[in-house]
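The values are calculated or read from the model by the stated rules, or taken from the named source; none is laboratory data. Predicted model, so just to flag it, every value in this text is computed and none were measured. A quick note on method: Cβ atoms are made from the backbone with ideal geometry, for glycine too, and the neighbour counts reach across all protein chains shown. SASA here: full protein model, heavy atoms, side chains in, ligands and nucleic acids out. Shrake-Rupley method; radii C 1.70, N 1.55, O 1.52, S 1.80 Å.
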Amino acid sequence: MKKTAPGGGPVIIKKYANRRLYNTETSSYITLDHLAAMTREGRDFKVVDAKTEDDITHNVLTQIIMEEEQRGQTMLPVNFLRQLIALYGDSMQAMVPGYLEASMESFRRNQEQFKTAVEGAFANSPFAEIAKRNMAMFEAAASAFKPGSAEAMAAAAATPPAPESAAGGDDMAALKAELARLQDKVEKLGK
């Protein structure tokens, strides 16, 4: 869900001929990095040419992606880019935007469901601490696609391993039962 400006609509960003971006909500000049941060926060914005009032949001978002890719945060494989370019002018071109949007929405939903399932599966169990640590590592890995991810990966790598206890027979049986229950949940999620 996109967050809108206090006035109810998207934040209007004006782009001037000198390539400067002006945020009308905060009455300040901003950079593409600010727009990228707004996007990650779910803030809805519209970029317009200051002179013509044309909507140039698509062009600016594409520019942000290009800059992210140039910084070494590559997320778009070369083969994917080639396939995408080949679709321009193709009879299927009109279907591609809807397909890509649906795919990304599905990816986002699956990521949330996975996180919820893992958190719920390990609640109040012997695996709870391991699950928390693994979720932190999963989130750090997922954030590898975002700028500043080096810090997140370093934090996940620095997480100390859970101390092993001298588990007796009861603990081992509980772990086996919990493992079987989790395997059932994973199988149900896969269906």
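Some values worked out for this structure:
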| item | result |
| --- | --- |
| Ranking by accessible area, most exposed first, for 92, 104, 38 with a 1.4 Å probe | 104, 92, 38 |
| Table column - 3J(HN,Hα) (Hz), region 103-113, Karplus curve with 6.51, -1.76, 1.60, x for Gly and Pro | 5, 5, 5, 5, 4, 4, 4, 4, 5, 5, 5 |
| Under-5 Å amide H pairs with residue 48, H placed in peptide plane, nonlocal only | 13, 14, 15, 56 |
| Mean separation of Cα contacts under 8 Å (6+ apart) over length of region 1-115, as relative contact order % | 19 percent |
| For region 44-56, 3J(HN,Hα) per residue [Karplus equation, 6.51 cos²θ - 1.76 cosθ + 1.60, θ = phi - 60°, Hz, x = Gly/Pro] | 8, 9, 10, 9, 10, 5, 4, 8, 9, 6, 5, 6, 10 |
| Note, ³J(HN,Hα) from phi for region 86-97, Karplus 6.51, -1.76, 1.60, rounded to Hz, x at Gly and Pro | 5, 6, 5, x, 6, 5, 8, 3, 5, 8, 4, x |
| Links that overshoot a 20 Å alpha carbon limit, given the list 132/188; 14/46; 115/176 | 132/188; 115/176 |
| Dipole in debye (nearest 20) - region 11-141, about Cα centre, beta carbon charges: Lys, Arg +1; Asp, Glu -1 | 240 debye |
| Whether region 1-96 is rounded, prolate or oblate, judged on the alpha carbon gyration tensor where a/c under 1.5 counts as rounded | prolate |
